[in-house]
Amino acid sequence: MSTTPTTSPSPFSSKPDPETPMPRDSVSAEPAEPTVAAGLAASPARRARPRIGRNLRSLNLWLGGAIVLGVVFCALFAPWLAPHDPLDQDLLHMLTPPAWMSGGDAAFPLGTDSLGRDVLSRLLYGSRVALTVAVIAAFGAGLVGSVLAILAGYFGGWVDRAISYLVDLWMSFPPVVLSLVLMVSLGVGIDNVILSIVLVDWTRFCRVVRSEVMVVRQRDYVLAAQLLNLSHLRIMLREIVPAALPLMITLFSLEMGVAITVEALLSFIGLSVPANVTAWGVMIADARVSMHEAPTGLLFPMLAIVITVLGCNLLGDGLRVALDPRMRGRGE
């Protein structure tokens, strides 16, 4: 009786044994090549999206910073950049168009208003008022709102309820109407403008920063500091404030744009600065009388307000992404 020898398949053989069943996974392994290729082809596109997002956000930061720095430069060096005194009246050159237009004069690059005052000089000096109000009012509102927010978010309980009730009560008043009432009560003056903006806008900081503090309060390093019996003041200054500082900086830059808009509105209706002080809102109020004869006198101060507020908003958005680790994680 002859026996047929059975040969076991060599482990080094490249041909599979026909009697050996194919693994179930190996059947579906062949069409995996196009999937891998598609994944490799798609990965650069996926990687490109965060890169594009980071570039756009960095563009916001740099563009907004450039605009704000430009306004700061104009405000600081206005006496040297302005070709004329902003209050000098030249009745022989009333409503002169810009220098590049027909009938323009090179001595008045952006033309003159209805009293013959140089528009460029008034724009440069007006940036000093806008920047002063924006920086001081934003800092004051941020200081008041952030202090109350840290107290409410850290202690909670009746402290949080009392401050939250005060914020809700204060925000129930329309901000524009409240600003007008405060200015009528306080009187005209740049210091009163700053005070009215602080009294109206501190609630913006308080509500947003309070939410951030309530999140930070639950983190491990804050709980560990409490277990070490550190004082509340030390915990708030060394643990809470540094964690909430990026948000405060972002809100500060955004509040600058709000303060510039409010100051322009108040100066437009004559409740901001005295008549002998140049402000962008005053320029708009003066130019609206002769807007049909010289529309550029109305256009330039409006553009100054729009560009400056846009720069503050772009800077705030860029700082929010640059300083907030959660936003950086989304972009990467």
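The values are calculated or read from the model by the stated rules, or taken from the named source; none is laboratory data. It should be emphasised that the depicted structure is a prediction, and the values quoted were computed from it without experimental measurement. Methodologically, a virtual Cβ is constructed for each residue, glycine included, from the backbone with ideal geometry; neighbour enumeration extends over all protein chains shown.
Residue 215 passes every criterion in (1) free of Cβ contacts under 8 Å to residues at least 12 places away in the same chain; (2) in contact with a Gly (Cβ under 9 Å, 6 or more places away or on another chain); (3) under 30 Å from residue 305 (Cβ atoms) apart from (3). Scanning the range 167-188 for residues that are of a type outside the set (A, V, I, L, M, F, W, C) and exposed (fewer than 15 other Cβ atoms within 10 Å of the Cβ) returns 168, 172, 174, 185, 187.
Within the range 189-211, the residues that satisfy the criterion of being surrounded by fewer than 18 Cβ atoms within 10 Å (Cβ to Cβ) and either within 25 Å of residue 278 (Cβ to Cβ) or modelled with pLDDT under 90 (or both) are 189, 191, 195.
A residue that is aromatic (Phe, Trp, Tyr), part of a helix (DSSP H, G or I) and more than 19 Å from residue 197 (Cα to Cα) can be found somewhere in the range 137-156.
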